[in-house]
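J.: I have a structure here, written as structure tokens, and I will follow up with some questions on it.
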Amino acid sequence: MSGARILSRIFTPFSVPFLSFVALLLFSHLNLTFTARDIFYILDIIFRYTIVMPIISIFFIHKINHLSYIEQHPRERSIGAFMISTFCYLFTFIIFAELRIPLISNYILSCAVVFALFILVPIKWKVDVKTNGLVKSNSGVLTELNEREQRFMPLLLTIISYFFCAVIMFKRDLPWYMNGIIIASLIILLIHLIINARWRVSEHMAAIGGVMGGVIAFSSLFLYDPTKWICIFTAIAGALGTTRMILGHNNLGEIFAGFIIGLSCTLIALNDTYNHLISSFFKYIV
């Protein structure tokens, strides 16, 4: 059981895009194409917007709802809410500054985000009042979202974070196949958000399916034999799907559906033709 949890934690939806970029930039010929400074810069963007920002956003939402119902002294509740909202404002301000949004607009947008998080989101996600469906570690950190109804807001926040990541990468004119990895992740998340209204598909299997799609797509782009890597990730996908069933988080249908969604979305996003159409949309926004 402990081994199943460890494997499930390693291949989380948050970590897979970053690990994919690490493998792509450090263990391929791209480490000769890009300087060490460029590699660090790219990995820094991916790490902040695919791991740090989603986790902090979900943590904020959890704490906001927790502060709204916990039996605390009003002064303690006010201080806690002020500290969280201040940190959220600064974090949002930095993101918009990196997007080169004018200063006045940055102030207004950052205030709007904080208002939405502290007023609108707690109303929408009030079902979390008893933390039903949320599994916490001994330290109280949110680790799993086991109920379908609890996934809407975390998925939405993660989609927003990945959208910012895609916009920044297009602004920096990075190669299309790198942008394609984030676009694939964004499409997978959007499909999960839509399907989540009726069906709880496995995000973990979608993530490993995306990795498999990336291996196949990059083999034709970089002209290498993908057989060895397909065998390795097929074994990992099987082990990961088994752990999700052992832990009771998904059934067989949800596991297969998640894998197929991840695989197909990545193959589409890393196809030159489809990627050009999707990139046109983002370049229009930028």
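J.: In whole percent, how big is the carbon plus sulfur part of the accessible area of segment 182-286, probe 1.4 Å, protein atoms only?
T.: 71
J.: Now a separate question. How about segment 194-233: which chymotrypsin sites (Phe, Trp or Tyr not before Pro) there lie in a loop by DSSP and see at most 14 other Cβ atoms within 10 Å?
T.: Counting only loop positions with at most 14 other Cβ atoms within 10 Å, the chymotrypsin sites (Phe, Trp or Tyr not before Pro) in segment 194-233 are Trp199, Tyr224.
J.: Moving on to the next point. Taking a probe of 1.4 Å, how large is the accessible area per residue of segment 159-253, in Å²?
T.: Roughly 41 Å² per residue, with all protein chains present.
J.: For a test of the definition: using alpha carbon positions, the gyration tensor, and the 1.5 limit on a/c, classify segment 144-286 as rounded, prolate or oblate.
T.: Oblate, since a/c reaches 1.5 and b/c is not below a/b.
The values are calculated or read from the model by the stated rules, or taken from the named source; none is laboratory data. As the structure is a computational prediction, the values presented were derived from the model and not from experiment. No Cβ is skipped: glycine too gets one built from the backbone with ideal geometry, and neighbour counts run over all protein chains shown. These accessible areas exclude ligands, DNA and RNA; they are computed on the full protein's heavy atoms, side chains included. Shrake-Rupley method; radii C 1.70, N 1.55, O 1.52, S 1.80 Å.
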